[in-house]
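See below for the structure under consideration.
The values are calculated or read from the model by the stated rules, or taken from the named source; none is laboratory data. Predicted, not measured: the structure shown is a model, and the values here were computed from it. As a convention, Cβ positions derive from the backbone with ideal geometry for all residues, glycine included, and neighbour counts pool all protein chains shown.
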Amino acid sequence: MPMMMLKGNESTAYAAKLARVKVVPAYPITPSTVFPEKVSELIANGEMDAEFLPVESEHSALSAAIGAAATGVRTMTATASQGLAFMNEILYIASGMRLPIVMAIGNRALAAPVNIWADQQDTMMVRDSGWIHFYAETNQEALDLTIIAFKVSENENVLLPALMGMDAFVLTHTMEPVNVPEQKDVDAFLGEKEINYPVLDPSKPATFGAFVFPEHYMEFRYSQYIAMEHAKKVIDDAFEQFNKIFGRGYSKVSGFQVEDADILFITMGSMTGTARETVRKLREEGEKVGLVKITVFRPFPKDEIIEITKNAKVIAVVDRNISPGFAGAIFTEVAASFTNVKNRPKIIDFILGLGGRDIRVENYEEIYKRSKKAMRGKFEEVQWIDVDEESVKEVEGSL
Amino acid sequence: MKITKGVVISEPGSTALEETGSWRTFRPEIRYEKCIRCMICWNYCPEPAIEKKPGEEYPVANQKLIKMPVPVINYQYCKGCGICVNECPTKAIDFVREEK
Amino acid sequence: MNYEDMEFFAPGHRACAGCAAPIIVKWVLKLAGPNTIVVNATGCLEVFSTPYPHSAWRLPWIHVAFENASATASGIEAALKAMGKKEGTNIIVFGGDGGTSDIGIQSLSGMAERGHDVLYVLYDNEAYMNTGIQRSSSTPFGAWTTTSQVGPSKPLGKEEFKKPIADIMAAHKIPYVATANPAFLPDFKAKVQKALSIKGPKFIHTISSCTTGWRHDPSKTIEIMRLATETGIFPLWEIENGDFGHRKITYMPKQRKPVEEYLKPQGRFRHLFSEPEKIKEIQKMVDDWWAQYEHPQ
Ligand SMILES: Cc1ncc(C[n+]2csc(CCOP(=O)(O)OP(=O)(O)O)c2C)c(N)n1
Ligand code: SF4
Ligand code: SF4
Ligand code: SF4
Ligand SMILES: [Mg+2]
């Protein structure tokens, strides 16, 4: 298997090629633009056999993807931030129509103010859209998880679209060594694209996207819910099979130094690397700290999180997003996971790294310090890290 | 009540199982002896509730037309819009109030 | 093969009695035949033809949303190409005036510019009918709708002109653009057939009376649409490859009827009859159009 130096966007483009994607409708937006550029280049060079549709908007990109998927071909697109927001209406339609579309996201802040850097607000915004969510820590993961996304999406018990998030610039634009799988291995993993859902075919006319009354609507929503529940096991199986063929293991959540840890960071995406480095450093100093990384955010790995954090006293959730009026999205999910659990740990939300602000070892050390204090006493549920509170106070007043 | 994955309807044209004839307040009735079998009514019925049938068995305005198909109204679907009545060039379609 | 005796659009749908949209659809499909995939924008047609679990469509049909039928069709075309199945398969979009001239104009323009092999049929009932008769950019000057209400301060109804969507599409220099009227059926059929024989994006703007929104007796649907063309308000023409110099008028009324004859039977124009100078203005607009295009250079 060849090692290549690839940006995150190139990794997902190679994943599209290796998955033998047939239609790629896409629209440029920083930090995703390299994806359509790379696909266009791979097609131009004769390395990839697909139709590239340079559509006039993200809304149309996903609409064209629906058209293509409903006609029965594998299809993939990519976007970020404003583009994902613009697609919002169609995201729900793709999942409601049960079409296995895969989309790579360069996780980026939402305007206003305009900002093109790393932030997970965009995909948290579409949490409820019925898409499966994967998040990559590295470009290797970006490639692998994109291929795995097809496997899961197309499973007949699932048939839901999937997105694969990677942080803006930190992954999308940074070169990393990536082990690019052999075509024959990806073919073996994904199998022949077998159409296991009805498609637009004149020899078998069917109606897609009908008008549904209250007497049926709820059953459709329920079946979507069930499909997402099925995805839990299908994802585990896909990870296992991937590991067998490629020798790289994944799981919905993965722990680092969790066994005896009193305090656990929960992270998602590229921020995990720095968290791991911090854990190593603090461990050397004798601190009982560990780390849990979320790779799959929808379906939410609730049971896995409860299990892996069972010895912890404090969970420090790191949220690179904020829902004004409450807290960060991962905190909300983690806290809700413990609703009916006795002896639950303290759970604190730390908001940081918004709009591409670097997430540094010192930030995690600060989080650790505050969490340790919280272990013994009162604490604020939502805490902002590395933010200039004074300057905000000047314009907004204090609470 | 039957749910399909992805809301797909795989029986094409199944609205034909429905009955829209009950919408009618007026009922078109073709008087075949005045009908010149021009099929204008068939062209314009929006349902479509007018079918093209072999014409030998029907009264005919002119024996020369006997081999031509005739329009036959399917009252399961006819909503009584009156387009056929209005467009018929020979006024061969009566429009009578439905008895309910 | 001639499929004119086949019905690809089934009865039992829920269009209002006398709606013109199904007449347009059934004829387009008869001419297209079975090797066809239909895309529908949100609107009356989509809603009345697919009351789950039933569907009036005997051809593969898809509805995704209001503004993206053209993008969906683009994706279908790309998929058929990728599978090597495009040859011989028609892709036909039906969109209302809202889904075409307003919210869908971006995706329509994109599809046209990219050159997809798709026939787009606009059924223009001149308002957002599905949501209850709100004005669109395609609503004509002087028409009452629920968002261009008539009252002492607003005696006119809609104060703006109808967007010339077919001209806009012709400006894309796509191979074929036409206006068509089911009341002129041979012309209508010829245009659909011609469009289907051409590769690339085609656009046909059809007039589609709405008995509910235009406020006329349902039996008058065809009659009123006929008057739209006989008065010259809805002229029938075609333009190929954006060649505006050769706009071909396909129906030349010997003597155009006065616009009143079209306006009078429609409740949406009733208020105009107490504003006779507005009717004159409409007549002048029509006369100006014909003065400009009647004798192409
Ligand atoms: C994004 C979006 N905005 C608004 C609507 C509500 N809506 C549904 S149909 C419709 C009007 C359709 O008008 P038109 O395209 O002219 O078709 P018609 O119903 O008149 O045939 C509107 C406003 C919608 N479905 N989606
Ligand atoms: S329009 Fe009148 S004359 Fe022509 S076929 Fe129908 S009923 Fe007969
Ligand atoms: S009244 Fe209307 S629906 Fe009934 S047959 Fe005549 S045209 Fe068709
Ligand atoms: S409201 Fe108008 S366009 Fe809609 S179904 Fe009724 S007649 Fe047709
Ligand atoms: Mg309309």
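Of the helices (runs of 4 or more DSSP H) lying entirely inside region A:58-125, the ones with 3 or more residues being at pLDDT 95 or above and more than 16 Å from the chain's Cα centre (by Cα) are found at A:58-71, A:81-96. For B:Cys78, state whether it is within 17 Å of C:Thr221 (Cβ to Cβ), at the interface with another protein chain (Cβ under 9 Å from one of its Cβ atoms) and either in contact with a strand residue (DSSP E or B) (Cβ under 7 Å, 6 or more places away or on another chain) or part of a helix (DSSP H, G or I) (or both). For B:Cys78, the condition - within 17 Å of C:Thr221 (Cβ to Cβ), at the interface with another protein chain (Cβ under 9 Å from one of its Cβ atoms) and either in contact with a strand residue (DSSP E or B) (Cβ under 7 Å, 6 or more places away or on another chain) or part of a helix (DSSP H, G or I) (or both) - is met. Within region B:46-64, the set of residues being closer than 26 Å to C:Ser209 by Cα and touching a Phe, Trp or Tyr at 6+ places or on another chain (Cβ under 9 Å) comprises B:Glu47, B:Pro48, B:Ala49, B:Ile50, B:Glu51, B:Lys52. Scanning region B:44-60 for residues that are more than 10 Å from ligand 3 (Cβ to nearest atom), crowded, with 16+ Cβ neighbours inside 10 Å and not charged (D, E, K, R) yields B:Gly55, B:Tyr58, B:Val60.
If you scan region A:238-271, which residues turn out to be in contact (Cβ under 8 Å) with a residue 24 or more places away in the chain and farther than 24 Å from A:Ile330 by Cβ? Steps first, answer last, please.
Here is the first cut: in region A:238-271, the residues in contact (Cβ under 8 Å) with a residue 24 or more places away in the chain are A:238-239, A:241-242, A:245-246, A:248, A:250-271.
Those that are in contact (Cβ under 8 Å) with a residue 24 or more places away in the chain and farther than 24 Å from A:Ile330 by Cβ: A:Gln241, A:Phe242, A:Ile245, A:Phe246, A:Arg248.
In region C:1-28, the residues that are over 20 Å from C:Lys194 (Cα atoms) reach residues that are in a helix (DSSP H, G or I) and among the small types (Gly, Ala, Ser) with C-beta atoms within less than 7 angstrom, at least six apart or across chains, in these pairs: C:Ala10/B:Ala16; C:Pro11/B:Ala16; C:Gly12/B:Ala16; C:His13/C:Ser49; C:Ala15/C:Ala21; C:Gly18/C:Ser219. Within region B:61-75, the residues that satisfy the criterion of being within 11 Å of ligand 3 (Cβ to nearest atom) and touching a helix residue (DSSP H, G or I) at 6+ places or on another chain (Cβ under 7 Å) are B:Pro71, B:Tyr75. Scanning region C:176-198 for residues that are touching a Pro at 6+ places or on another chain (Cβ under 7 Å) and away from chain B (no Cβ under 14 Å) yields C:Thr179, C:Ile198. Against the numbered list (1) away from chain C (no Cβ under 14 Å); (2) buried (at least 24 other Cβ atoms within 10 Å of the Cβ), A:Ala188 comes up short only at (2). Applying a threshold of 7 Å to beta carbon distances and a minimum spacing of six or more residues, or different chains, the list of pairs starting in region C:116-130 at a residue that is within 8 Å of ligand 1 (Cβ to nearest atom) and ending at one that is of a type in the set (Phe, Trp, Tyr) and not in a loop (DSSP other than H, G, I, E, B) reads C:Tyr123/C:Phe94.
For every residue, the table says whether it meets (1) crowded, with 21+ Cβ neighbours inside 10 Å; (2) outside the structural domain of A:Glu154 (by TED's automatic domain parsing); (3) closer than 20 Å to A:Ala15 by Cα; (4) touching a Cys at 6+ places or on another chain (Cβ under 8 Å).
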position	(1), (2), (3), (4)
A:Glu215	no, no, no, no
A:Met218	no, no, no, no
A:Arg221	no, no, no, no
A:Tyr225	no, no, no, no
A:His230	no, no, no, no
A:Lys233	no, no, no, no
A:Asp237	no, no, yes, no
A:Glu240	no, no, yes, no
A:Gln257	no, yes, no, no
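Among the helices (runs of 4 or more DSSP H) confined to region C:219-297, the ones with at least 1 residues that are within 14 Å of chain B (Cβ to nearest Cβ) are located at C:221-230. Tell me which residues, restricted to region A:44-77, are more than 11 Å from chain C (Cβ to nearest Cβ) and either in contact with a Pro (Cβ under 6 Å, 6 or more places away or on another chain) or β-branched (Val, Ile, Thr) (or both). Listed by number, the list is empty, since nothing qualifies.
Restricting to region A:87-130, name every residue that is aromatic (Phe, Trp, Tyr) and either farther than 25 Å from A:Ala327 by Cβ or within 14 Å of chain B (Cβ to nearest Cβ) (or both). Hit for region A:87-130 is A:Tyr92, nothing else. Scanning region A:216-228 for residues that are at the interface with another protein chain (Cβ under 7 Å from one of its Cβ atoms) and over 23 Å from the mean Cα position of the chain (by Cα) returns A:His216, A:Glu219, A:Phe220. So is A:Thr339 assigned by TED's automatic domain parsing to the domain that holds A:Asp260 and either part of a loop (DSSP other than H, G, I, E, B) or closer than 18 Å to A:Met271 by Cα (or both) or not? Answer is yes for this residue. Looking only at region C:253-297, how many residues end up being of a type outside the set (Ser, Thr, Tyr) and touching a strand residue (DSSP E or B) at 6+ places or on another chain (Cβ under 8 Å)? Number of matching residues: 3. When A:Lys378 is tested against the conditions (1) loosely packed, with under 14 Cβ neighbours inside 10 Å; (2) in a helix (DSSP H, G or I), the lone failure is (2).
For (1) surrounded by fewer than 21 Cβ atoms within 10 Å (Cβ to Cβ); (2) within 16 Å of C:Ile24 (Cβ to Cβ); (3) within 16 Å of the chain's Cα centre (by Cα), each residue gets a yes or a no:
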{"residue": "C:Thr89", "(1), (2), (3)": "yes, no, no"}
{"residue": "C:Ser101", "(1), (2), (3)": "no, no, yes"}
{"residue": "C:Gly104", "(1), (2), (3)": "no, no, yes"}
{"residue": "C:Ser107", "(1), (2), (3)": "no, no, no"}
{"residue": "C:Met111", "(1), (2), (3)": "no, no, no"}
{"residue": "C:Asp124", "(1), (2), (3)": "no, yes, yes"}
{"residue": "C:Ser138", "(1), (2), (3)": "no, yes, yes"}
{"residue": "C:Gly142", "(1), (2), (3)": "no, no, no"}
{"residue": "C:Gln149", "(1), (2), (3)": "yes, no, no"}
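Against the list (1) within 25 Å of A:Pro25 (Cα to Cα); (2) within 8 Å of another protein chain (Cβ to nearest Cβ), the condition C:Ile23 fails is (1).
Out of B:Ala61, B:Ala92, report the one residue that is modelled with pLDDT under 95 and more than 10 Å from every other protein chain (Cβ to nearest Cβ).
Just one listed residue meets the conditions, B:Ala61.
Across region C:193-218, the number of residues qualifying as more than 16 Å from ligand 5 (Cβ to nearest atom) and either in a helix (DSSP H, G or I) or acidic (Asp, Glu) (or both) comes to 7. Residue check: C:Thr42 meets all listed conditions (1) within 11 Å of ligand 5 (Cβ to nearest atom); (2) in a helix (DSSP H, G or I); (3) β-branched (Val, Ile, Thr) but one, namely (2).
Kindly indicate whether C:Val47 is away from ligand 3 (no atom under 16 Å from the Cβ) and surrounded by fewer than 22 Cβ atoms within 10 Å (Cβ to Cβ).
Considered against the rule, which asks whether it is away from ligand 3 (no atom under 16 Å from the Cβ) and surrounded by fewer than 22 Cβ atoms within 10 Å (Cβ to Cβ), C:Val47 comes out as yes.
Of all residues in region C:28-53, those satisfying the criterion of being more than 22 Å from B:Arg24 (Cβ to Cβ) and facing chain B (nearest Cβ under 8 Å) are C:Thr50, C:Tyr52, C:Pro53. Does B:Val85 fit the bill of being more than 8 Å from ligand 3 (Cβ to nearest atom) and either in contact (Cβ under 8 Å) with a residue 24 or more places away in the chain or crowded, with 16+ Cβ neighbours inside 10 Å (or both)? No, not satisfied. Is it the case that A:Pro177 is within 14 Å of chain C (Cβ to nearest Cβ), not in a helix (DSSP H, G or I) and not aliphatic (A, V, I, L, M)? The answer is no for A:Pro177. For region A:346-399, which positions are in contact (Cβ under 8 Å) with a residue 60 or more places away in the chain and of a type in the set (Phe, Trp, Tyr)? Across region A:346-399, the qualifying residues are A:Tyr364, A:Tyr368.
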